[in-house]
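As structure tokens, the structure follows; a few thoughts come after it.
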2 protein chains.
Amino acid sequence: MSFNDLISGALTTTGQVRNEPVQARSSERIGALLDAASAVVAEVGIERLTTAMVAERAGASIGTVYRYFPDRIAVLSAMSLRGFERFLRKSVDNLEAASPSTIDGVFDCLIDASVEMHRTEPGYTSIRLSDQIALPEVEGGTTSARVAGPLAAILTDELGVVDDDLVNRLDIALTIADALIVRAFISAPRGDEAAIAATRAVVGSYLGSSVHA
Amino acid sequence: MSFNDLISGALTTTGQVRNEPVQARSSERIGALLDAASAVVAEVGIERLTTAMVAERAGASIGTVYRYFPDRIAVLSAMSLRGFERFLRKSVDNLEAASPSTIDGVFDCLIDASVEMHRTEPGYTSIRLSDQIALPEVEGGTTSARVAGPLAAILTDELGVVDDDLVNRLDIALTIADALIVRAFISAPRGDEAAIAATRAVVGSYLGSSVHA
DNA sequence: CTGTCGATGATCGAGTTCCGTTCGGTGACG
DNA sequence: CGTCACCGAACGGAACTCGATCATCGACAG
């Protein structure tokens, strides 16, 4: 049990490509298609993304898009999933680099990872917002719920946190963090620094008052 | 200045019907169309709502839908706006009935109103989630931002709250409340009672630690 | 080791279907 | 009888399909 288990624990969904690619170039194609989709979302928004735009920007044909994704929404879902994976990867990297000894420290790593995602990944903020409902195909419950379980195990194991309702409290803390970070990126494209700082403060305060090590 | 000013303060947008109805039956039609849209959203989600579904369920023809709304997204925007209006109305009713003397009391009224909206209005949860991004046409910034301003004025005026950063803190509190209530309705269709109670506690705790009367 | 060959994966894009939107005609109100 | 409300066939464009074509790779002979 280590920080790295966060990834395997939170990633239960397999992915929603139509046919698993066999040749190497396919994986690149899928990546290129998702990059294109991400850029298109950042430009025109989720609602106005067309499969033709994605294909053209990726230098592929319409048919290729539909070879890998069953429909338009699946492209968005896959974008969402890849973003989630990257967020987890960044989180684990941060955790292993910082080796935090408090829950606040752990959340700082997660918040940093999330902020970086919003900064580097075009369209991530849009996707994050529509996640649950506009994309009901994304299975496995809320993002926060998927992270809360494995995170609780890690906290108990690594930091010796004892709390009979830890999963629930983590879920709440993650939901709050997510909402406030998105808020920071709605009010400013590069993320409102004061709002990000406020996120850390609020989450820290919540965890401090309810979770004890 | 009274609780009732919350409505006029937060509702700056005028509405997006194409032609203001002249005859009485028109208003009923619009209501019926929005009811139908709400039901469709609850059933198939925002992405898969088609104008034909809305028309059929409202017992109207396609043409009638387009007589009142310029396009598909406008139907969703109008749904969102009507929901927001109803939320404000309920909030003011609750506030006038309870005459709260603390900020916590005020937020209890707002939370009650929000919970009731999620319970009674099919599709409200979906619309609430996609608010900002999937419907960029909804002007005036975040819901929380639109409420925070007028609410701050009321709190200062009615309860004598003094806080130089009140608007910002209210925005945060409203964002948290919104996210946690939506969370409660994602995990259970009728709203998870424990999660709703947790929402009250978290928001109360945040306001208590940061806003002083 | 190299070149050929067949099988299967990958790509393409014209064609089909479905959905958003328009518009001219018909009925209802006042 | 003029205006308002309503309808639904028709249009355009976007989602999605499918058979044809090209690329890759292992097998096998020379």
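The values are calculated or read from the model by the stated rules, or taken from the named source; none is laboratory data. The structure displayed is predicted, hence computed values, not measured ones. Please note: Cβ atoms are built from the backbone with ideal geometry, for glycine as well, and neighbour counts cover all protein chains shown. Just so you know, the surface numbers come from the protein's heavy atoms only, side chains and all, with ligands and any DNA or RNA stripped out. Shrake-Rupley method; radii C 1.70, N 1.55, O 1.52, S 1.80 Å.
The table below gives the values:
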{"quantity": "Qualifying positions in the stretch B:60-82 - in a helix (DSSP H, G or I), more than 14 Å from every other protein chain (Cβ to nearest Cβ) and not polar (S, T, N, Q)", "calculated": "B:I62, B:G63, B:V65, B:Y66, B:R67, B:Y68, B:A78, B:L81, B:R82"}
{"quantity": "Residues satisfying the stated conditions in the stretch B:173-190, i.e. farther than 20 Å from B:G204 by Cβ, without any contact (Cβ under 8 Å) to a residue 24 or more places away in the chain and at the interface with another protein chain (Cβ under 9 Å from one of its Cβ atoms)", "calculated": "B:S187"}
{"quantity": "Any pair with Cβ under 8 angstrom, 6 or more apart, that starts in the stretch B:48-69 at a residue that is within 22 Å of A:R48 (Cα to Cα) and aliphatic (A, V, I, L, M) and ends at one that is open to solvent by less than 30 Å² (accessible area, probe 1.4 Å) and in a loop (DSSP other than H, G, I, E, B)", "calculated": "B:V65/B:A58"}
{"quantity": "Counted residues, the stretch B:150-172 - those being within 10 Å of chain A (Cβ to nearest Cβ) and surrounded by 23 or more Cβ atoms within 10 Å (Cβ to Cβ)", "calculated": "2"}
{"quantity": "Sole residue being under 21 Å from B:E43 (Cα atoms) and away from DNA strand C (no atom under 16 Å from the Cβ), chosen from B:T120, B:T102", "calculated": "B:T120"}
{"quantity": "Residue match in the stretch A:76-93 (condition: more than 11 Å from the chain's Cα centre (by Cα), charged (D, E, K, R) and within 16 Å of DNA strand C (Cβ to nearest atom))", "calculated": "no"}
{"quantity": "Enumeration of residues in the stretch A:80-102 that are among the hydroxyl-bearing types (S, T, Y) and in contact (Cβ under 8 Å) with a residue 40 or more places away in the chain", "calculated": "A:S80, A:S91, A:S101, A:T102"}
{"quantity": "Hey, A:E47 assigned to a helix (DSSP H, G or I) and farther than 28 Å from A:L6 by Cα or not", "calculated": "no"}
{"quantity": "Top-ranked residue of the stretch A:41-59 - restricted to ones that are more than 16 Å from A:D71 (Cβ to Cβ) and away from chain B (no Cβ under 14 Å), ranked as farthest from DNA strand C (Cβ to nearest atom)", "calculated": "A:R57"}
{"quantity": "The listed residue being open to solvent by 60 Å² or more (accessible area, probe 1.4 Å) and within 13 Å of the chain's Cα centre (by Cα), out of A:T120, A:T125, A:T175", "calculated": "A:T120"}
{"quantity": "Subset of the stretch A:80-102 (residues that are open to solvent by less than 20 Å² (accessible area, probe 1.4 Å) and within 18 Å of A:Y124 (Cα to Cα))", "calculated": "A:S80, A:G83, A:F84, A:L88, A:S91"}
{"quantity": "Some residue of the stretch A:73-94 being within 16 Å of DNA strand D (Cβ to nearest atom), more than 26 Å from A:Y206 (Cβ to Cβ), out of contact with any Leu (no Cβ under 8 Å at 6 or more places or on another chain) and not assigned by TED's automatic domain parsing to the domain that holds A:A197", "calculated": "yes"}
